[in-house]
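Worksheet for the structure shown next.
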Amino acid sequence: MKHLLKLADLTREEILSVLNLADQLKYERKNNVKKKYLEGKHLGMIFQKSSTRTRVSFEVGMSELGGQALFLSNRDLQIGRGEPVEDTARVLSRYLDGIMIRTFAQKEVEDLAKYGSIPVINGLTDYCHPCQVLADLMTIREYKGGFKDLKFCFVGDGNNMANSLMVGAIKMGMSFAIACPKGYEPDTALVAWAKENGSFTMTTDVKEAAKDADVLYTDVWASMGQEEEKRVREEAFKGYQINADVMAVAKPDAIVLHCLPAHRGEEITADVFEAHANEIFDEAENRLHAQKAVLVKLLK
């Protein structure tokens, strides 16, 4: 594991190794065991898309591990003024021990890794969100004790979250069902991979996807950068909501996860969100622990 560019690059064993270390780091934090695994290390954090959880979790994570994180917005870097990503990669590689980038194009992340000489972590692109899914898998294992024979259901847009969750679920041995409107399906190449490598269902019927699900997951109808499509998407996604009727067809002990921020009344009802708030905010907390594990794996 040299980088974390997308979940598809990791083997099941590598994912389990990250999750096991995340559990250890979470235990150490809860018990006030302070180990400076990354003392003297510096992480550059490039943000071309803003974020609450990504920035805070990486910054706190590096501090707790004994290292330092540098926040670099588009306005702070020459990359925001037209410097080629390959030049930025080579310059930052001479100053830093690792780079985390949250941006639009997956190619930008891949090019940073190609031209740089230090580990690169994908903090989110329009294509995938591996850091979030590691936290999701950590949470599922905490609540369900493992992954074997679980059914994972995603309701909503076939976006970067759906792409990464599909890969993560199938790599860990879960079956994966997605309910999405026509025209909003996940990446076609990943869908083909999912069909070849596991149990995969795609439907326009939410209840069909949610039937007997152990884990239900949803995301906002309009992601960052899609604000202009909001009205069109509101019409397209009517009915693509996790609500009491959907929960009734899932397993009685099903958990509900959401990568946040949540728009109550759209992709999830307020009552379902509050009934499963413990799971959702454990999931949010686990961003910190999972990312600390990634940092230790890549930077130590």
Among the residues of region 108-117, write down those that are loosely packed, with under 15 Cβ neighbours inside 10 Å and in a loop (DSSP other than H, G, I, E, B). SER117
If the requirement is being over 24 Å from HIS276 (Cβ atoms) and in the same structural domain as LEU150 (by TED's automatic domain parsing), which of these qualifies: ALA236, ALA222, ALA209? ALA236
Please go through region 78-107 and give me each residue that is more than 26 Å from LYS300 (Cα to Cα) and either outside the structural domain of LEU43 (by TED's automatic domain parsing) or assigned to a loop (DSSP other than H, G, I, E, B) (or both), ordered by number. GLY82, GLU83, PRO84, PHE104, ALA105
Tell me which of these ASN243 doesn't satisfy, since it passes every other one: (1) touching an Asp or Glu at 6+ places or on another chain (Cβ under 9 Å); (2) outside the structural domain of GLY156 (by TED's automatic domain parsing). (2)
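Yes or no, residue by residue, for (1) of a type in the set (A, V, I, L, M); (2) touching a residue at least 12 places away in the same chain (Cβ under 8 Å); (3) buried (at least 23 other Cβ atoms within 10 Å of the Cβ); (4) not in a loop (DSSP other than H, G, I, E, B):
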site	(1), (2), (3), (4)
MET202	yes, yes, no, yes
ASP212	no, yes, no, no
GLU229	no, no, no, yes
TYR240	no, yes, no, no
PHE273	no, yes, no, yes
ARG287	no, yes, yes, yes
GLN291	no, yes, yes, yes
VAL294	yes, yes, yes, yes
Quick one: which of GLU208, GLU283 is within 18 Å of the chain's Cα centre (by Cα) and either within 23 Å of MET174 (Cβ to Cβ) or of a type in the set (Lys, Arg) (or both)? GLU283
Test: ALA135 is in contact (Cβ under 8 Å) with a residue 12 or more places away in the chain, surrounded by 24 or more Cβ atoms within 10 Å (Cβ to Cβ) and among the small types (Gly, Ala, Ser): yes
Of (1) surrounded by 16 or more Cβ atoms within 10 Å (Cβ to Cβ); (2) free of Cβ contacts under 8 Å to residues at least 40 places away in the same chain; (3) within 16 Å of LEU165 (Cβ to Cβ), ASN197 satisfies every one except (1)
Based on this model, can you work out whether SER63 counts as under 22 Å from the mean Cα position of the chain (by Cα), over 30 Å from LYS171 (Cα atoms), in a helix (DSSP H, G or I) and of a type outside the set (Lys, Arg)? yes
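The values are calculated or read from the model by the stated rules, or taken from the named source; none is laboratory data. Since we're looking at a predicted model, the values are computed, not measured. Because the Cβ atoms are built from the backbone with ideal geometry, glycine has one as well, and the counts that use them run over all protein chains shown.
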